[in-house]
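Here's the structure we're looking at; comments come further down.
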């Protein structure tokens, strides 16, 4: 019996730790954590003769990727938003209907299926930690996201949008899932909900997810109400005293950059999403010039780390920015992302004491012929930029395999496909208006207040006022030789009686 001891040898390891090592190292795993990173496999084998020895020849071993900003429901919505600029989504009938289905009509079963599709696909791409933004709808999205993270065994930080969801967090505690507060949208921000959010952030001590300047329209709406930028509003109300995760960060002005230089905020850019949605491009040159740490994330659609890295390089080159080389590129979706989400105590690097979360990438094919045996650090950048999610062959979380030879071990591919077909059938039928009832429901939803929308989904809920909790809520804190080689190669005014987004909290 090996007591959960594994020795991974012959692979090229990228640690992303303080030493930033790249080379042929042996990784010793005990139970769920990394116990040692060594250059002497024979010594480890002698010390642990019953260990499971894993041959990683031809593999690049990376810390499990961390996708710090994900909208899990966008996995299915991307089919309706594809090739449509973000600025047109509110005017596109099909997109509006699809959004109405997901954000107003979908129940727990549909949302869970959407999240499963998103999270298991991300897992197969080497993503082991997800920053799920969620959305503002009583507690169903939170429930579905939490349960799906547990089912997929990925780590996660889930955005919490209102008092109902905060209440639900009392019963959703797990060591691998943490929470963050979602800041009110820029166009909906008022002094009242700003102060309510600040009180909640102070009480709960969770990180704050803030959509910051993704589009000019949103920025102009906020300036009309506050005569300041969002970054200045956050500073003036001392949000930066806590942990703030700024998402998108396009259209930053010099005063904003001055503030960010002296803050502890994390800046999360979504380059692939910028290209797909045709939103404003963040000033990468200004961020880099100020030495403001950058985290990369997917935001919309597929969670594909390699495509995100390539998209960043494309945008950076367009601004004549020097591209980070090798492991510095990986760090933007590993250790820097872990720090942004506040999970760097567990993940983001391969080093002693951290959880053993590892993505294995195949570099043995013809594309990388001749690289094996050479100084791999010199070739790491092209390997990263030419690899795809399909090159991820194996994924380890907490020292256990959840993807092996490209196959999910804990969920059936057939079940995922079947669930995806069922969700898309329901969604496309609703979008196509295949019946008088659907058309009437859509007409009512399009002209309803938020309270009326919720009432249609959960009868009786319009008269319910959820009160956020008064105390902080914190998450509760097998000698067999195996080979990894494959066998073959909008804003809405709410009635006074409805309380949402801790921003409408009673005083």
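One table, with the values for the structure above:
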quantity: Conditions (1) within 30 Å of residue 117 (Cα to Cα); (2) touching a strand residue (DSSP E or B) at 6+ places or on another chain (Cβ under 7 Å); number of the one not met by residue 234; calculated: (1)
quantity: Which numbered condition residue 99 fails, given (1) modelled with pLDDT under 95; (2) touching a helix residue (DSSP H, G or I) at 6+ places or on another chain (Cβ under 8 Å); (3) under 24 Å from residue 424 (Cβ atoms); calculated: (1)
quantity: Residue check, residue 357 modelled with pLDDT of 95 or more, out of contact with any helix residue (DSSP H, G or I) (no Cβ under 9 Å at 6 or more places or on another chain) and within 18 Å of residue 12 (Cα to Cα); calculated: yes
quantity: Residue 235 vs. criteria over 24 Å from the mean Cα position of the chain (by Cα), crowded, with 20+ Cβ neighbours inside 10 Å and not in a loop (DSSP other than H, G, I, E, B); calculated: yes
quantity: Top-ranked residue in region 17-26 [being outside any strand (DSSP E or B) and surrounded by fewer than 16 Cβ atoms within 10 Å (Cβ to Cβ); ranked as farthest from the chain's Cα centre (by Cα)]; calculated: 19
quantity: Failed item, numbered, when residue 360 is tested on (1) under 21 Å from residue 328 (Cα atoms); (2) part of a loop (DSSP other than H, G, I, E, B); (3) in contact with a strand residue (DSSP E or B) (Cβ under 8 Å, 6 or more places away or on another chain); calculated: (2)
quantity: Count - residues of region 238-255 that are buried (at least 21 other Cβ atoms within 10 Å of the Cβ) and on the phi < 0 side of the Ramachandran plot; calculated: 6
quantity: Region 281-292, residues that are closer than 15 Å to residue 212 by Cβ and surrounded by fewer than 19 Cβ atoms within 10 Å (Cβ to Cβ); calculated: 281, 286, 292
quantity: Pairs where the first residue, in region 410-430, is more than 19 Å from residue 151 (Cβ to Cβ) and the second is surrounded by 15 or more Cβ atoms within 10 Å (Cβ to Cβ), C-beta under 6 Å, 6+ apart; calculated: 427/101; 430/101; 430/438
quantity: From the options 163, 134, residue that is modelled with pLDDT of 95 or more and either more than 30 Å from residue 223 (Cα to Cα) or in contact with a helix residue (DSSP H, G or I) (Cβ under 9 Å, 6 or more places away or on another chain) (or both); calculated: 134
quantity: Residue check, residue 309 outside any loop (DSSP other than H, G, I, E, B), crowded, with 16+ Cβ neighbours inside 10 Å and modelled with pLDDT under 95; calculated: no
quantity: Residue in region 376-393 that is part of a strand (DSSP E or B), under 22 Å from the mean Cα position of the chain (by Cα) and more than 25 Å from residue 268 (Cα to Cα) present; calculated: yes
quantity: So residue 202, is it surrounded by 20 or more Cβ atoms within 10 Å (Cβ to Cβ), modelled with pLDDT under 95 and within 20 Å of residue 133 (Cα to Cα); calculated: no
quantity: Subset of region 377-407 [in contact with a helix residue (DSSP H, G or I) (Cβ under 7 Å, 6 or more places away or on another chain) and buried (at least 18 other Cβ atoms within 10 Å of the Cβ)]; calculated: 380, 381, 383, 384, 387, 389, 392, 395, 402, 403
quantity: Subset of region 345-375 (residues that are over 18 Å from the mean Cα position of the chain (by Cα) and closer than 20 Å to residue 296 by Cβ); calculated: 350, 361
quantity: Verdict on residue 153 being at positive phi and either surrounded by fewer than 24 Cβ atoms within 10 Å (Cβ to Cβ) or under 13 Å from the mean Cα position of the chain (by Cα) (or both); calculated: yes
quantity: Test: residue 14 is within 30 Å of residue 145 (Cβ to Cβ), surrounded by 21 or more Cβ atoms within 10 Å (Cβ to Cβ) and at pLDDT 95 or above; calculated: yes
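This table checks each residue for (1) surrounded by 15 or more Cβ atoms within 10 Å (Cβ to Cβ); (2) assigned to a helix (DSSP H, G or I).
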| residue | (1), (2) |
| --- | --- |
| 28 | yes, no |
| 43 | no, yes |
| 67 | yes, no |
| 72 | yes, no |
| 75 | yes, yes |
| 87 | no, yes |
| 95 | yes, yes |
| 112 | yes, yes |
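The values are calculated or read from the model by the stated rules, or taken from the named source; none is laboratory data. Small disclaimer: the values here were computed from a predicted structure and weren't measured. Positions of Cβ are backbone-derived with ideal geometry, glycine not excepted, and every protein chain shown enters the neighbour counts.
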